[in-house]
Amino acid sequence: MKELNIFFFGFGQVAKEFTKKLLSEKYKLNISITTRQASCDIEFLGQKVSNLEFNNEKIDKNIPKKLNNSDHVLISIPPKDKIDLVLKYFSKELLSQNIKWITYLSATSVYGDHKGEWVDEKSETLPKSKNGIERLAAENAWLKMYEEHKIPLQIFRLSGIYSNKNNVLERIKSGNGNIIRKKNQYFSRIHVEDIANLLFISLHKFKKGEVYNVSDDKPASSEDVMQYGAKILNLPEPKEIKLDQIESEMLKSFYNDSKKVSNKKAKEFFKYKFKFPTYVEGLNHINKKIT
């Protein structure tokens, strides 16, 4: 049985789905995670998990020891004020010879607005949103760490994540789905299972210092996705609202960017065929789960 000593900075939907994938592949896992909650042992999918408090005010003193005993590290916590908190507090521990694999989960918001054109990993990064600016600053800090110390780092730039629990079908059914029409507006998205599958492949196929877009094959407008979701649910099309009617400033800034994110580099390097190559397959799969 293969064994991993894995440390998760943050234990959100991607980390949980990756853990689920590892268990399905019969890995024996020694899992440590950080959350904002008080330190304690918890259980996840029948596995004992060591939960260590890390909230920038209270930092469990056992984190360095756990990191030194880990061989794989996944970072999904966001930066704060353009500073990556993992690098701020644990750069020394990340130089441990035990660590063979470090993956930093970034976001395609680092590209900013490209007027609906395609972007790839060589495209100019022009973020204007707070999220994009902070993610790019964190990426640069991680890449500097790699350049200086050659740590085993890869960066995954994730598009909008959806899953069996978090998706447009649920928003439509709850009445919280709205259509916002904006000409030449394209977004890319990715099902959380495809992220987990790529992370799993990268355990065995890994190249230090690389950045990969993790997006599906078909960028589309939110209008197209909402309309398709309503269609397969046999529900009326969600109501249309104007851009200035969006209450969330974060969501509003999301509509300032339009781009089609290319996944060519990741597909070619990892030799991966997406389980959900477009939102059509993804939403149909989810719909079967809930009906």
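The values are calculated or read from the model by the stated rules, or taken from the named source; none is laboratory data. Quick caveat, the model's predicted, so the values are computed rather than measured. When we count neighbours, we look across all protein chains shown, and the Cβ atoms used for this are built from the backbone with ideal geometry, even at glycine. To get the accessible areas, we keep the full protein, side chains included, count just its heavy atoms, and leave off ligands, DNA and RNA. Shrake-Rupley method; radii C 1.70, N 1.55, O 1.52, S 1.80 Å.
Here are the numbers:
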{"read-out": "Some residue of the stretch 25-32 being within 30 Å of Val261 (Cα to Cα) and open to solvent by less than 20 Å² (accessible area, probe 1.4 Å)", "value": "no"}
{"read-out": "Count of residues meeting criterion [exposed (fewer than 14 other Cβ atoms within 10 Å of the Cβ) and β-branched (Val, Ile, Thr)] in the stretch 224-245", "value": "1"}
{"read-out": "Search result, residues across the stretch 246-257 that are surrounded by fewer than 19 Cβ atoms within 10 Å (Cβ to Cβ) and of a type outside the set (A, V, I, L, M)", "value": "Glu247, Ser248, Glu249, Lys252, Ser253, Phe254, Tyr255, Asn256"}
{"read-out": "Matching residues, the stretch 94-123, being open to solvent by less than 10 Å² (accessible area, probe 1.4 Å) and among the hydroxyl-bearing types (Ser, Thr, Tyr)", "value": "Thr103, Tyr104, Ser106, Tyr111"}
{"read-out": "All positions within the stretch 73-85 that are over 14 Å from the mean Cα position of the chain (by Cα), open to solvent by 20 Å² or more (accessible area, probe 1.4 Å) and of a type outside the set (A, V, I, L, M)", "value": "Lys80, Asp81, Lys82"}
{"read-out": "Identity of the residue in the stretch 205-223, open to solvent by 30 Å² or more (accessible area, probe 1.4 Å) and at pLDDT 95 or above, that ends up farthest from His149 (Cα to Cα)", "value": "Lys218"}
{"read-out": "Members of the stretch 272-291 that are under 13 Å from Asp194 (Cα atoms) and either at pLDDT below 95 or not in a helix (DSSP H, G or I) (or both)", "value": "Tyr272, Lys273, Phe274, Lys275, Phe276, Pro277, Thr278"}
{"read-out": "Test set (1) closer than 23 Å to Lys208 by Cα; (2) not in a helix (DSSP H, G or I) - Val86 fails condition number", "value": "(2)"}
{"read-out": "For Asn62: the one exception among (1) farther than 18 Å from Trp142 by Cα; (2) crowded, with 16+ Cβ neighbours inside 10 Å", "value": "(2)"}
{"read-out": "Number of positions in the stretch 128-141 that are free of Cβ contacts under 8 Å to residues at least 40 places away in the same chain and either surrounded by 17 or more Cβ atoms within 10 Å (Cβ to Cβ) or among the small types (Gly, Ala, Ser) (or both)", "value": "1"}
{"read-out": "In the stretch 52-65, the residues that are free of Cβ contacts under 8 Å to residues at least 24 places away in the same chain and part of a strand (DSSP E or B)", "value": "Leu52, Glu53"}
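Listed here are the residues, each with its yes/no results for (1) more than 30 Å from Leu22 (Cβ to Cβ); (2) touching a helix residue (DSSP H, G or I) at 6+ places or on another chain (Cβ under 7 Å).
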{"residue": "Ser174", "(1), (2)": "yes, no"}
{"residue": "Gly177", "(1), (2)": "yes, yes"}
{"residue": "Lys183", "(1), (2)": "yes, no"}
{"residue": "Ser188", "(1), (2)": "no, yes"}
{"residue": "His191", "(1), (2)": "no, yes"}
{"residue": "Leu199", "(1), (2)": "no, yes"}
{"residue": "Leu203", "(1), (2)": "no, no"}
{"residue": "Gly209", "(1), (2)": "no, yes"}
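A quick yes/no check of all residues on (1) within 26 Å of Lys26 (Cα to Cα); (2) among the basic types (Lys, Arg); (3) not in a loop (DSSP other than H, G, I, E, B):
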{"site": "Met145", "(1), (2), (3)": "no, no, yes"}
{"site": "Asn164", "(1), (2), (3)": "yes, no, no"}
{"site": "Arg171", "(1), (2), (3)": "no, yes, yes"}
{"site": "His204", "(1), (2), (3)": "yes, no, no"}
{"site": "Asn213", "(1), (2), (3)": "no, no, yes"}
